[in-house]
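Below you'll find the structure I mean.
The values are calculated or read from the model by the stated rules, or taken from the named source; none is laboratory data. In this text the structure is predicted, and so the values were computed from the model without any measurement. Here the Cβ positions follow ideal geometry from the backbone for every residue, glycine too, while neighbour counts run over all protein chains shown. The area values use the complete protein model at the heavy-atom level, side chains included, leaving out ligands, DNA and RNA. Shrake-Rupley method; radii C 1.70, N 1.55, O 1.52, S 1.80 Å.
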Amino acid sequence: QTRSLLGVFEEDAAAISNYINQLFQAMHRIYDAQNELSAATHLTSKLLKEYEKQRFPLGGDDEVMTSTLQQFAKVIDELSSCHAVLSTQLADAMMFPITQFKERDLKEILTLKEVFQIASNDHDAAITRYSRLSKRRENEKIKAEVTEDVYTSRKKQHQTMMHYFCALNTLQYKKKISLLEPLLGYMQAQISFFKMGSENLTEQLEEFLTNIGTSVQNVRREMDCEVENMQQTIEDLEVASDPLYLPDPDPTKFPAHRNLTRKAGYLNARNKTGLVSSSWERQFYFTQGGNLMSQARGDVAGGLVMDIDNCSVMAVDCEDRRYCFQITSFDGKKSSILQAESKKDYEEWICTINNISKQIYLSENPEEIAARVNQSALEAVTPSPSFQQRHESMRPAVQSRPPAARTSSTGSLGSDSTALSALSLDSLVAPDTPIQFDIISPVSEDLPGQAKSSGQSGRRTNPFGESGGSKPETEDSILHQLFIVRFLGSMEVKSDESPDVVYETMRQILAARAIHNVFRMTESHLLVTCDCLKLIDPQTQVTRLRFPLPNVVLYATHQENKRLFGFVLRTSGGRVESRQTSICYIFESNNEGEKICDSVGLAKQIAFHAELDRKASEKQKEIDRVKEKQQKELNKQKQIEKDLEEQSRLIAASSRSNQSSAEGQFVVLSSSQSEDSDLGEDGKKKRESE
């Protein structure tokens, strides 16, 4: 019965412990919340006092707002003091009693329970040992020890049990005290807090709060009126801006402005992340004078991208993206590939940068001057995107000319050089000359003007250098240099003596491309050998065009923009069949214009020296042939003399032999006649028969 009753008391103690733990957590949350409220109220009062020290970008010095917030700060500071007092009272009157009950009384019950359990187990073990004692007398000593253990364990169990039962009985009273004392302290602390609050909230404060409420209502009405006006403005803008939401609007409805000297908008910039990999970053770009600026999201100001005075801009194909164009600085050391969002932006950016590169923005009416310059350029050039009808006239013929030296210019494409000031444009470029913007492909590798043999045809260049049954034309060339170039255009020129012809052709071709939206370029591999220049398709390795090196009479690269270079090719035929024509080809390279011109110059020097060596070799062969002929004549004469001497010796020997033969024949004949007289008639017949 005792142990059964003890189990009931222990179960009740466990339930009390569980409930008190939950109540303690709830009261502790109240205490923590009050502490947080007190700290937050104090911080609010502090921030309101510091309002007058703040410098808001859109807010002026509002003295009314500052004084109002100072008044609020004073009241909230008093409330913060009241909250601090309430926190102290809650800690002393509410948290302390329940914490004492939880930490002291409940833990005492748990400790006594463990001690009682240990004593009970020791008593059971001692009784078990005592029950196993033997009847023999020699175990008296062991019997005494076991008896002493039973006595000690039973006494310890009894004393522990009495203290444990007493603590369980006392717990019923402590439970009531631990529940009522914290609640009493909480209510007294709250009553004290409300009393302090009622003393601080005077009638004067109530009047102040009423006035502030009225002001807030007035501000709210003003805000509602302003929001209504803004909503109407938003609706009007949505209706007017609906066509602008399209990323690529119809160019017929929204044509591009080509006379701009300022432009701003978002572009995608290509950044190289490795040898073959790249990434695109969207940024806001704008022009500022002769500079191109960019501003990333979050930046307060833009940064310089490059100086676009005297720069070059053209459309490029990049990673299968649309509307890409490339800007190259005047010295060719810096370039940037950008992508526009629409075709309209794409054309406007190219035209704007082209106008800025001519420094039109420095004039008083830049857009008017840009329109006049573009109209003049439009009248000066007549581009034609396809030139199949001029293909035969543009095929070069082999004409010998001494090697031309590479020259350079100090002028830019947008300005006139020193030589151009003395020569008119008509003396450099043929009038009414169309411009060829594409490469006619495929083209055979035979020399222009010559008929193909039955075994020759357009041959594919083997990229691995292996012969495919016929020996390549440039296999014996000691110079093979390959460059990546992009064909900009070509046109017929009048003169091929001055490098200014190349510069003027560059200017007209670039102007025509910008005005007529011819932005796409054909990329090829330019192979420089000692025999010719070849444009090879990088994909199929088929030769697109072949320029015999002797026909290249002039070549030059621009001094400021090293990426642009060109050469003049002298051809047979043309619009007038009875005279030779000169055609200027313009290319863009990857900052290798000077290298290409150096390579062409080296090839012409090698070809010139090879020609000199060939002529010297032919002359030496001619001399050797003459000497050989003379030697043959001399040997023939000697042979004749030798034959005559041999014939003379044979004649002398023959005469001597004939003389001896005649003497012998005479002796034989005499003897035969004597024999015939002795033989008779039959013998004579037999003799004659023999």
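Starting from the Cα of K636, draw a straight line to each of the lysines and keep only those under 19 Å, dropping any in the same chain fewer than 8 residues away.
K627
Could you tell me the calculated FRET efficiency between T99 and Q159, based on Cβ-Cβ distance and R0 = 41 angstrom, to the nearest 0.05?
With R0 = 41 Å, the Cβ-Cβ based efficiency is 0.85.
On to the next question. Cα-Cα over 28 Å: which of K343/K595; K46/K195; K253/K333; K107/K176; K263/K494; K272/K343?
The answer is K343/K595; K253/K333; K263/K494.
Could you name the lysines in cross-link range of K143, using Cα to Cα under 19 Å and dropping any fewer than eight places away on the same chain?
Result set, ordered by chain and number: K135, K155.
Rounded, prolate or oblate: pick one for region 514-639, where a ≥ b ≥ c are the square roots of the eigenvalues of its C-alpha gyration tensor, a/c under 1.5 means rounded, and failing that, prolate if a/b is larger than b/c, else oblate.
prolate
While we're on this one: Quick one: compute a quarter of the convex hull surface over the Cα atoms of region 264-364 and quote it in nm².
Average projection, Cα convex hull of region 264-364: 7.0 nm².
Using a 7 Å offset from Cα along Cα-Cβ at E641, what residues in region 591-632 end up with backbone N under 16 Å from the label point?
Inside the label zone: 631-632.
Which value in nm describes the separation of the simple spin-label points at K143 and Y19, placed 7 Å from the Cα toward the beta carbon?
With each label point 7 Å from Cα toward Cβ, the separation is 5.5 nm.
Quick one: compute the contact order of region 499-557, relative version, from alpha carbon pairs under 8 angstrom and 6+ residues apart, as a percent.
Value for region 499-557: 26 percent.
Leaving ligands, DNA and RNA out of it, rank E207, E226 by accessible area with a 1.4 Å probe, largest first.
Order by accessible area, largest first: E207, E226.
Just by accessible area at a 1.4 angstrom probe, what is the order of L362, L510 from largest to smallest?
Output order, biggest surface exposure first: L362, L510.
Taking all protein chains together and a probe of 1.4 Å, list I356, I439 from the most accessible to the least accessible.
The ranking, largest first, comes out as I439, I356.
Within straight cross-link reach of K629, meaning Cα distance under 19 Å, which lysines are found once same-chain residues fewer than 8 apart are removed?
K619, K621, K638
Still on this structure: Could you work out the relative contact order of region 283-353? I mean the mean sequence separation of Cα pairs under 8 Å and 6+ apart, divided by the number of residues, in percent.
Relative CO of region 283-353 lands at 20 percent.
State the extension gain, in nm to one decimal, for the chain segment bounded by A616 and Q190, taking 0.36 nm per residue of separation less the distance between their alpha-carbons.
Gain in length upon complete extension: 141.1 nm.
Still on this structure, I have one more. Using r as the Cβ-Cβ distance of L201 and V85, and R0 as 22 Å, what FRET efficiency do you calculate, to the nearest 0.05?
Approximately 0.85, to the nearest 0.05.
Next question. Relative contact order for region 22-114: what percent, with Cα pairs under 8 Å and sequence separation of 6 or more?
Here the relative contact order equals 44 percent.
In a shell of Cβ-Cβ distance under 15 Å around D299, excluding D299 itself, what net charge do Lys and Arg (+1) and Asp and Glu (-1) give?
Spelling it out: positives minus negatives among the neighbours equals +1.
With all protein chains present, calculate the accessible area of H525 using a 1.4 Å probe and round the result to the nearest 10 Å².
40 Å²
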